[in-house]
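Single-structure report; data block below.
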Amino acid sequence: MKRSLLPILCCPVCKGDLELRVARENEEEIVEGTLECRACNVSYPIEEGIPDLLPREPDKG
Amino acid sequence: MTAPLHPEVYAPEADTYLLCETALNECRPGERVLEVGTGSGYIASHLQARAQVVATDISPHAVREAYRAGVAVVRTDLFAGICAPFDLVVFNPPYLPTREDERLDDWLEYALDGGEDGRMVIQRFSREVGRILDQDGRILLLVSSLTGLPEVIGLFEKEGFHSEIIEKRTVFDEDLYVLRITRRPGT
């Protein structure tokens, strides 16, 4: 996903903002990383350039 | 040569082409467009030459196909993970009436299955779409005669929207319509 997509994304459950963590990025886009919702304590993955915003279990710890 | 479409992704058909042509006529340059349930990404990829297009799908296979077609795609249910207002929302929903005993467990089935009356997903969409639609935004919705046109119009009516039939095409045993849906003034 391109960085410009970030402002239009939200947590699918609480609709709150997401915090981007980049693991791998090329000239065009973020290839691997996570989108974190602090309120829900959930990390949504970005894999092969595609953000996955399906509800999931909270992070451990 | 490009790789063939994943077998569990809906390949563009008459309904796709009708909605795509209508959306190309409807979309104004530079508009913010969301395509819900993009499948192969066919419509979104045609619209992005003239507008800022984002697409969603719940299927893991569909999002990969749409990504491969060059579409900015997000895996999410309808628009659950999307928060911005859009000028135009385009949706070719799962609309086939499907009984429990007819149900198969794969992603292509999920793209077609509209529940017992064919309107299950459309109803959910009608209740929630206001959150991501600009005050003056428009929705283009593909509806089949198999799904019940008056009933679909009624669902949106109940949520404060006005529907107008802007395209119609007959394909074998079904009539396909495109509705342009907008907020009723004062709602």
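The values are calculated or read from the model by the stated rules, or taken from the named source; none is laboratory data. These numbers come from a predicted model, not from an experiment. Cβ: placed from backbone, ideal geometry, glycine included. Neighbour counts: every protein chain shown.
Within the stretch A:30-52, the set of residues being within 9 Å of chain B (Cβ to nearest Cβ) and out of contact with any Leu (no Cβ under 7 Å at 6 or more places or on another chain) comprises A:GLU48, A:GLY49, A:ILE50, A:ASP52. Applying the condition of being crowded, with 23+ Cβ neighbours inside 10 Å and in contact (Cβ under 8 Å) with a residue 40 or more places away in the chain to the stretch B:50-71 and asking which residue is farthest from B:VAL36 (Cα to Cα) yields B:GLU65. Checking each residue in the stretch B:165-186 for being in a strand (DSSP E or B) and surrounded by fewer than 20 Cβ atoms within 10 Å (Cβ to Cβ) picks out B:ILE165, B:ILE166, B:GLU167, B:LYS168, B:ARG169, B:THR170, B:VAL171, B:GLU174, B:ASP175, B:ARG180, B:THR182, B:ARG183. Within the set B:ARG32, B:ARG68, B:ARG50, the sole residue that is more than 13 Å from every other protein chain (Cβ to nearest Cβ) and either closer than 19 Å to A:ARG3 by Cβ or out of contact with any Asp or Glu (no Cβ under 7 Å at 6 or more places or on another chain) (or both) turns out to be B:ARG50.
Look at the stretch A:1-25: where a residue is within 9 Å of chain B (Cβ to nearest Cβ) and outside any helix (DSSP H, G or I) and a partner is surrounded by 13 or more Cβ atoms within 10 Å (Cβ to Cβ) and hydroxyl-bearing (Ser, Thr, Tyr), sitting 6+ places away or on another chain with Cβ atoms under 6 Å, you get A:PRO12/B:THR76.
As for the stretch B:109-121, it holds no residue that is within 11 Å of chain A (Cβ to nearest Cβ), surrounded by fewer than 23 Cβ atoms within 10 Å (Cβ to Cβ) and out of contact with any Gly (no Cβ under 9 Å at 6 or more places or on another chain).
Do you know which residues across the stretch B:72-89 are of a type in the set (Val, Ile, Thr), touching a residue at least 24 places away in the same chain (Cβ under 8 Å) and within 10 Å of chain A (Cβ to nearest Cβ)? Selection gives B:VAL73, B:ILE82. Hey, among the residues in the stretch A:25-50 that are of a type in the set (S, T, N, Q) and surrounded by 14 or more Cβ atoms within 10 Å (Cβ to Cβ), which one's nearest to A:CYS11 (Cα to Cα)? That would be A:SER43.
Here's the yes/no breakdown for (1) touching a helix residue (DSSP H, G or I) at 6+ places or on another chain (Cβ under 9 Å); (2) of a type in the set (Asp, Glu); (3) farther than 20 Å from B:VAL36 by Cβ; (4) modelled with pLDDT under 95:
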{"residue": "B:GLU116", "(1), (2), (3), (4)": "yes, yes, yes, yes"}
{"residue": "B:ASP134", "(1), (2), (3), (4)": "no, yes, no, no"}
{"residue": "B:PHE156", "(1), (2), (3), (4)": "yes, no, no, no"}
{"residue": "B:GLU159", "(1), (2), (3), (4)": "yes, yes, no, no"}
{"residue": "B:PHE172", "(1), (2), (3), (4)": "yes, no, yes, yes"}
{"residue": "B:ILE181", "(1), (2), (3), (4)": "yes, no, no, no"}
{"residue": "B:GLY186", "(1), (2), (3), (4)": "no, no, yes, yes"}
